[in-house]
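Okay, structure first, notes after.
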Amino acid sequence: MNLKNSSALLATSTLVACFVITLFSTNHVQAQTKNTSVKETTNDAPNLIVITTDGFRWQEVFNGMDFELANQKVFNHGDSSYLYKKYGAATVSERQKLLLPFFWNTVATQGQLYGNRFKENKVNVANPHWFSYPGYNEIFTGYPDSIINSNDYPPNPYSNFLGFLQQQKEYKGKVVAFAAWDAYDRILNEAVSGFPVINGFESVSSILKDPISENLSNLLKDSYQPFKKVECLDVFTHYQAMHYLKTKQPKVMYISYGETDEWAHHGNYSNYLDAAHQVDAWLNDIWNYVQNTKGYKNNTYILITTDHGRGFGSEWTTHGADVKGAANIWFALLGPGLQKIGPLGEQTKTQQLYQKQLAATITKLLGHPFKAEHPIGEAIYK
């Protein structure tokens, strides 16, 4: 996303997050005592959860904290000791697990992780623009048309695979999207695609009526807004999505987090790493719920990725077609039978993959290969 003016402080967003978590947990217990029980999923078709964290670099995914950036006062805001204490270590393996423990303890052992350019395992965007709307369009349509050239672009004219799945009988009425950024009703063309897209400061209470939804709605409405009205803090997106997941048990869900991009644009490396670390913790929560819930356990695919890369050195704060490295991305997969694609773990073979291949790959895994009126990148496996 483009940089939005803000004087946001990490301490404030942390307090907001703690308050939301406490209230959510309390009301969840109260709701259970009032017999608002979850109806378990009985449809045997595989489930899908797609998760993106905006503009998170492959460098941190595979190398952990970047010492060059951590050492610069302009990026560490005078507190390099905080970064070194929390994320610093002598070896790459240690730094990986300090920053992204779920990635490196679970995804890298039970799933597949692509995009380590240190090992010539490359993933790139195919679109020529290297920023958000074109990246998300490429992920969901498989068609990196250069006409999608602005974050303010109107509703997407191309079919996305979430809308395609919504049309299949196994998934009809069981698709939903939650996003921190308020552009997703256009990116996913909510009016045409036929599934709810809760983005920005929209509330889950618009599609789910219960006390927890109402409380989350009130917190969101009164929350701190460091990114103004175009994007809420990730904590609200996450807990609204989790409440919907546990209450309605959708077959297909998309969750988009945005703070990694926002804090990078602000040049705040501490907040950027903390935001990524928090997303990693939420991924762990989602995976634990999936693997301990009937209907989801061993029957759910999770795709984790980003919309674009960022620059090197001082250009880490930005991206776009004129920024070297901003086309370089990564992705991860979890789910049953991934060996049909290749070995589990971090992928180390020399290869070149593209963002446009994700739509075909994930829908092929579900057994419903994506079809559309436009070209689609081919799946990464035969």
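Some values worked out for this structure:
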{"item": "Scan of region 250-275 for residues that are of a type in the set (Phe, Trp, Tyr) and part of a helix (DSSP H, G or I), ordered by number", "result": "TRP263, TYR269, TYR272"}
{"item": "Of residues in region 117-147 being basic (Lys, Arg) and over 20 Å from ILE362 (Cα atoms), the one nearest to the chain's Cα centre (by Cα)", "result": "ARG117"}
{"item": "Residue within region 349-358 that is touching a Leu at 6+ places or on another chain (Cβ under 9 Å) and part of a loop (DSSP other than H, G, I, E, B) present", "result": "no"}
{"item": "Residue that is surrounded by the most Cβ atoms within 10 Å (Cβ to Cβ) [pool: residues in region 335-360 that are within 24 Å of HIS308 (Cβ to Cβ) and of a type in the set (Gly, Ala, Ser)]", "result": "ALA359"}
{"item": "Enumeration of residues in region 305-340 that are β-branched (Val, Ile, Thr) and assigned to a loop (DSSP other than H, G, I, E, B)", "result": "THR306, THR318, VAL323"}
{"item": "Test result for GLU94, charged (D, E, K, R), surrounded by fewer than 22 Cβ atoms within 10 Å (Cβ to Cβ) and farther than 25 Å from GLY337 by Cα", "result": "yes"}
{"item": "Unique residue being of a type outside the set (Ser, Thr, Tyr), outside any loop (DSSP other than H, G, I, E, B) and under 29 Å from TYR184 (Cα atoms) when the list is GLU60, GLU68", "result": "GLU60"}
{"item": "Residue within region 32-48 that is part of a loop (DSSP other than H, G, I, E, B) and modelled with pLDDT of 95 or more present", "result": "yes"}
{"item": "Unmet requirement for ALA90, which otherwise passes all of (1) over 23 Å from GLY258 (Cβ atoms); (2) touching a residue at least 60 places away in the same chain (Cβ under 8 Å); (3) not in a helix (DSSP H, G or I)", "result": "(2)"}
{"item": "Qualifying position, being free of Cβ contacts under 8 Å to residues at least 60 places away in the same chain and either farther than 29 Å from GLY377 by Cβ or surrounded by 15 or more Cβ atoms within 10 Å (Cβ to Cβ) (or both), among ASN63, ASN47", "result": "ASN63"}
{"item": "Residue within region 351-359 that is in contact (Cβ under 8 Å) with a residue 40 or more places away in the chain and farther than 24 Å from GLU138 by Cβ present", "result": "no"}
{"item": "First in region 336-349 and closer than 22 Å to ASP44 by Cα, second anywhere and assigned to a loop (DSSP other than H, G, I, E, B) and among the small types (Gly, Ala, Ser), Cβ under 7 Å, 6 or more apart", "result": "LEU338/GLY111"}
{"item": "Region 209-247 - residue that is more than 22 Å from the chain's Cα centre (by Cα) and part of a loop (DSSP other than H, G, I, E, B) and, of those, farthest from VAL176 (Cα to Cα)", "result": "ASP222"}
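The values are calculated or read from the model by the stated rules, or taken from the named source; none is laboratory data. From a predicted model like this one, the values you see are computed outputs, not experimental measurements. Glycine also receives a Cβ, built like all others from the backbone with ideal geometry; neighbour counts cover every protein chain displayed.
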